[in-house]
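Colleague: Please find one structure pasted underneath; my questions will follow.
The values are calculated or read from the model by the stated rules, or taken from the named source; none is laboratory data. Being a predicted model, the structure only gives us computed values, none of them experimental. Note: ideal-geometry Cβ built from the backbone for every residue, glycine included; neighbour counts use all protein chains shown. When the accessible area is computed, the model is the full protein with side chains, heavy atoms only, and any ligands, DNA or RNA have been set aside. Shrake-Rupley method; radii C 1.70, N 1.55, O 1.52, S 1.80 Å.
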Amino acid sequence: IFGWPVNDIRAVANEDFLADNPDVRALLEQVRIPLADIVAQNAAMALADEYSQDQVVQDATDWIEANRDTVDAWLETARETN
């Protein structure tokens, strides 16, 4: 339907690191990026002649700003874990 094979996108982290950083574990456990946003990002990268790391960072920054309330809620919940 979107032009890419279905797959799972998951955060991966070292168990020792997560044990030492429960707030990071809590953050990673709750982050859910809408499929439409993932598809839009994949399409932008696929359609561009060049796509630099700087552009990826800018796109991520823009997404965070556009979803500030959601991201802030994730961060608040993660901080409460500590």
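Colleague: Helix 53-66 sits at what angle to the longest principal axis of the chain, using alpha carbons and giving 0 to 90 degrees rounded to 10?
Modeller: 70
Colleague: Then there's this: Over the chain, what percent of the accessible surface lies on carbon and sulfur atoms, probe 1.4 Å?
Modeller: 53
Colleague: When the distances between all Cα atoms of the chain are binned every 10 Å from zero, what whole-number percent does each bin get?
Modeller: Here the calculated profile for the chain is 15, 37, 35, 12, 1.
Colleague: Express in whole angstrom the spacing between the alpha-carbon centres of region 60-82 and region 9-50.
Modeller: 13
Colleague: Taking the Cα-to-Cβ direction at Asp20 and at Asp54 and moving 7 Å from each Cα, how far apart do the two end points lie in nm?
Modeller: Those two pseudo-labels are separated by 3.4 nm.
Colleague: On to the next question. Taking the Cα centre of the chain as the origin, how large is its charge dipole in debye, to the nearest 20, when only Lys and Arg (+1) and Asp and Glu (-1) carry charge on their Cβ atoms?
Modeller: The dipole of the chain has a size of about 260 debye.
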